[in-house]
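First up is the structure itself, then whatever we jot down about it.
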Amino acid sequence: MAKMYYNGDINEGLLKDKTIAIIGYGSQGHAHAQNLKDSGFNVVVGIREGKSFDQAKEDGLEVYSVKEAAEKAEVIMILLPDERQKAVYEAEIAPALTAGKSLVFAHGFNVHFDQIVPPADVDVFLVAPKGPGHLVRRTYESGAGVPGLFAVYQDATGNAKETALAYAKGIGAARAGVLETTFKEETETDLFGEQAVLCGGTTALVKAGFETLVEAGYQPELAYFETLHELKLIVDLMYEGGLSTMRYSISDTAEWGDFVSGPRIIDASVKDRMKEVLTDIQNGKFAKEWIEENATNRPKYNAIKKAEAEHQIETVGEKLREMMPFINEGKKQVKKEVVTSGQN
Ligand SMILES: NC(=O)C1=CN([C@@H]2O[C@H](COP(=O)(O)OP(=O)(O)OC[C@H]3O[C@@H](n4cnc5c(N)ncnc54)[C@H](OP(=O)(O)O)[C@@H]3O)[C@@H](O)[C@H]2O)C=CC1
Ligand SMILES: CC[C@](O)(C(C)=O)C(=O)O
Ligand SMILES: [Mg+2]
Ligand SMILES: [Mg+2]
């Protein structure tokens, strides 16, 4: 089994004397900044003026421009959208990156795909929570945590690994378990997971199930409950006890249907296409296309986003969720926590 690091394995003393700049105050940024502060670390936030800037101030953090925060800190964590990092890094962070500082990421995209090339005399590492930023904050506040990965790309000071682990402990990841990886492995597996399973695979599966039922004449509200709402309840059981706990709770009829029909839906051809997706990630095709899409103001991204927002599963779901105050509470909490650039 791989070596896992937990709170008791980590000495965070080395990071306690330093100032950590969290650059960006979105999904991950607000969570890292507040968790680290609550864990007793010295945190400043670096952000342009606007919604995030105001929110970080309202949350009681010390807030500066990106340039000022990067100058003040010894550890600089970049939590801007991946596609914005290169420009902000070159203009405002690189000039402040003096020898011995740490440049940190939550995803290896820009370093692995050569968008950001750090100087040789700084530590470069990543600490990547394996979960959405709002859950990184919410689980921390409840005494739990989201597991994480760390990887050292460059160890100029000899302390990069210890600093990375201390950071992971500070955001609560070591309550759940932290695993060492490389920038290549983190980048490729994270992109694959979100495209093939967690986001792309799941939304496509849910929509296909919803559409199949509605096109067959069943009520859209029922189709929503069956294919989207209940998915969370089923996945909660997998999260708690794996496939077997979920299968223990469902009926034997459902379990038999799982065994015989599941492989008819997700068959060998799906795995073949998953391998194609992985190949495009590994050979840089996906990264190149995403960088080009951003360079041309996201024509495809914007068109798909609009069409997705108008899908019947979204309009039906919105009405049904309004009648479930317990879900609305969760949504309000995310809205309160999140301050996005309007692009997510
Ligand atoms: N989202 C997640 O849960 C996860 C993300 N990651 C990684 O974490 C990193 C951050 O992602 P995420 O949290 O989703 O990012 P977000 O999209 O939530 O970041 C938005 C933040 O970036 C700020 N911002 C955007 N453009 C600029 C700019 N040009 N100058 C200054 N600030 C800017 C926004 O400010 P404003 O309000 O002014 O627009 C806002 O504070 C990425 O590397 C991502 O891959 C890793 C694990 C999970
Ligand atoms: C699954 C999407 C993710 O990789 C994440 C929350 O871990 C992301 O990039 O947001
Ligand atoms: Mg990701
Ligand atoms: Mg991820």
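Mind checking whether some residue in the stretch 157-173 is within 16 Å of ligand 3 (Cβ to nearest atom), within 21 Å of the chain's Cα centre (by Cα) and among the charged types (D, E, K, R)?
No; the residues of the stretch 157-173 include none that is within 16 Å of ligand 3 (Cβ to nearest atom), within 21 Å of the chain's Cα centre (by Cα) and among the charged types (D, E, K, R).
LYS86 fails exactly one of the following numbered conditions: (1) farther than 16 Å from GLY26 by Cβ; (2) within 10 Å of ligand 1 (Cβ to nearest atom); (3) not aromatic (Phe, Trp, Tyr). What is the number of that condition?
Of everything listed in (1) farther than 16 Å from GLY26 by Cβ; (2) within 10 Å of ligand 1 (Cβ to nearest atom); (3) not aromatic (Phe, Trp, Tyr), LYS86 misses just condition (2).
Could you tell me whether VAL136 is in contact (Cβ under 8 Å) with a residue 12 or more places away in the chain, part of a helix (DSSP H, G or I), aliphatic (A, V, I, L, M) and within 16 Å of ligand 4 (Cβ to nearest atom)?
When the stated conditions are applied, VAL136 passes them.
Is there a residue being loosely packed, with under 10 Cβ neighbours inside 10 Å and under 17 Å from ALA204 (Cα atoms) anywhere in the stretch 252-260?
no
Values quoted throughout were computed directly from the atomic coordinates according to the rules given, and no laboratory measurement underlies them. Since we're looking at a predicted model, the values are computed, not measured. Counting neighbours? That spans all protein chains shown, and the Cβs are built from the backbone with ideal geometry, glycine included.
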